[in-house]
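Before any comments, here is the structure.
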Amino acid sequence: MIRIEEYPYTYHTLSNGIRLVHRYTPSAVSHCGLTIGVGSRDEKQAENGTAHFVEHCLFKGTKKRKGFQILGCIDGVGGELNAFTTKEETCVYGLYLQQYHERFLDLLADIVFHSDFPSRGVEKEKEVILDEINSYLDTPSEQIFDDFEQMVFGNNGLGRLILGTPKRVEAMSSEKLRTFVSNNYTTDNMVLSAITSTPSDKWFALCEKFLGTEPASRKTHRRQSPPAYSPKTITLERDTYQSHIIVGNRAYSYRSAQKVAFSLLNNILGSGAMNSYLNMHIRERYGFTYAIESAYTAYYDSGVFSVYASTDKRHTSKTIDLIKKELENMILKPFCNKSLSRFKNQLIGQLVVNADQNQTEMLAMGKTLLNFGKITPLKEVCRQVEQVSCSQITEVAREVFAPERLSVIQYG
């Protein structure tokens, strides 16, 4: 068993409802992020792309800072400030030397709660985001994943694009952004996660000083669950040299008891390691594809599993058949304990390596506390992986890899 040394998590809730989680590190570099429980799935259809647009414009100016002052505040002392939007969260995060806690927290509170979204900045950012959309449309290996989720989740928010459409982006205005923030950036739906060398009590006092004074607010929006799933097979014409393929299905939510077993199965199948089944049995054996991998994304109330491959158009049908056969073998050929134990050790090793990267760990802390109300220690996560049985692997394979439940999308 891998020896795991980890510092404990300490929790606190500010007077306005923002939840905090802190973990000590002896490093002089601090990592901190504010995770907000709003993403593209929380938008109304007419708002599609707004969460992402807001995230871009948080750096354009506040009532007391110009855009250039925001950009230089943390970068100017050797740190970094960044943000991202997913389908279920928006996160503003950074890293900096520990003596700049007050500088970072003051800036974070200012841009999240007091951005004024100046019209000039909004108009400029439209061009940036339109260019981002065009760049994405030029990358079929990325676009196909969104097309697949649109097919699997339909008109639900999970099926919409994070970036929005060019038409929606061009229609953005300062007022629309302010309204979206007012409705969705609520203190009861925020978590501040941090890994610092500052003692927890002192850190929490600083957070109360800079973030706790903001008015308390509560979200009123309720997420809509995706409609019933029915498998589909579609071919989309794209002007590409290669054929791009995804075979997949709906999968487990991150609250499902089957999540750990399926995460292990996905890791075995093809989540990036050179010894994955997809890589060994399709890429290495047949040489049809340079890129082949599986992915599992768990959402609040659903999930999606996919196998992606790119191949010469002459080999498209054969590659799809090989992928389906590999998935069927996961059902028909149960793992022995010795083989499964080897893959458990691999996944546990990956988890420990990821936890040793403070930025990755800090971001995971925020998302986990936001959605579960607590963080499962790494030792417990590894124990859960160890407890997965061969029969559990076969069970989740039957549920997700059943041939009649698979959807296929290809760029022809």
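Please treat every number below as a calculation from the coordinates, not as lab data. Quick caveat, the model's predicted, so the values are computed rather than measured. Every residue, glycine among them, receives a Cβ derived from its backbone with ideal geometry; neighbour counts consider all protein chains shown.
The table for this structure:
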{"quantity": "Calculated from backbone phi, Karplus (6.51, -1.76, 1.60) coupling profile of the range 351-357 in Hz, x at Gly/Pro", "calculated": "4, 5, 4, 5, 5, 7, 9"}
{"quantity": "Linear extension gain, Glu170 paired with Tyr286, 0.36 nm per residue minus alpha-carbon span", "calculated": "37.1 nm"}
{"quantity": "Gain upon complete extension [Arg255, Phe113; 0.36 nm per residue less C-alpha separation]", "calculated": "48.1 nm"}
{"quantity": "Residues Val191, Val112, sorted so that the one with the fewest Cβ neighbours within 10 Å comes first", "calculated": "Val112, Val191"}
{"quantity": "Table column - 3J(HN,Hα) (Hz), the range 266-283, Karplus curve with 6.51, -1.76, 1.60, x for Gly and Pro", "calculated": "4, 5, 5, 5, x, 8, x, 6, 5, 8, 5, 4, 4, 5, 6, 8, 10, 5"}
{"quantity": "Size of electric dipole in the chain: Cβ of Lys, Arg +1 and of Asp, Glu -1, about Cα centre, debye, nearest 20", "calculated": "740"}
{"quantity": "The range 9-210, relative contact order [Cα under 8 Å, separation at least 6], %", "calculated": "39"}
{"quantity": "Under Karplus coefficients 6.51, -1.76 and 1.60, residue-wise ³J(HN,Hα) of the range 380-392 in Hz, glycine/proline x", "calculated": "5, 4, 5, 5, 4, 5, 4, 7, 5, 9, 4, 5, 5"}
{"quantity": "Estimated inter-spin distance, Arg222 and Asp201, nm [label 7 Å along Cα→Cβ]", "calculated": "4.3"}
{"quantity": "Summed side-chain charge close to Ser193 - residues other than Ser193 whose Cβ falls under 13 Å, Lys, Arg +1, Asp, Glu -1", "calculated": "+2"}
{"quantity": "GluC sites (Glu not before Pro) within the range 271-335: DSSP coil, no more than 10 neighbouring Cβ in 10 Å", "calculated": "none"}
{"quantity": "Given charges at Cβ of Lys, Arg, Asp, Glu: the range 233-411 dipole, positive-most of Gln242, Cys336, Ile375", "calculated": "Cys336"}
{"quantity": "On Cα atoms only, tilt of 200-210 relative to the major axis of the chain in degrees", "calculated": "60"}
{"quantity": "Asp146 paired with Asn345, simple spin-label distance in nm, labels 7 Å along Cα-to-beta-carbon", "calculated": "4.2"}
{"quantity": "Spin-label pair Lys63/Tyr7, simplified geometry with 7 Å Cα→Cβ offset, distance in nm", "calculated": "3.5"}
{"quantity": "At R0 = 30 Å, FRET efficiency that the Cβ-Cβ distance of Lys374 and Ala28 yields, to 0.05", "calculated": "0.55"}
{"quantity": "Close Lys-Lys pairs in the range 77-223, where close means Cα under 25 Å and separation is 8 or more or interchain", "calculated": "12"}
{"quantity": "Contour excess over end-to-end distance, with Cα ends at Asn354 and Asn329 and 0.36 nm allotted per residue", "calculated": "6.0 nm"}
{"quantity": "Residue order, fewest to most surrounding Cβ atoms within 10 angstrom, among Ser302, Ser225", "calculated": "Ser225, Ser302"}
{"quantity": "Cβ-derived FRET efficiency at R0 56 Å, Glu208 paired with Glu395, nearest 0.05", "calculated": "0.75"}
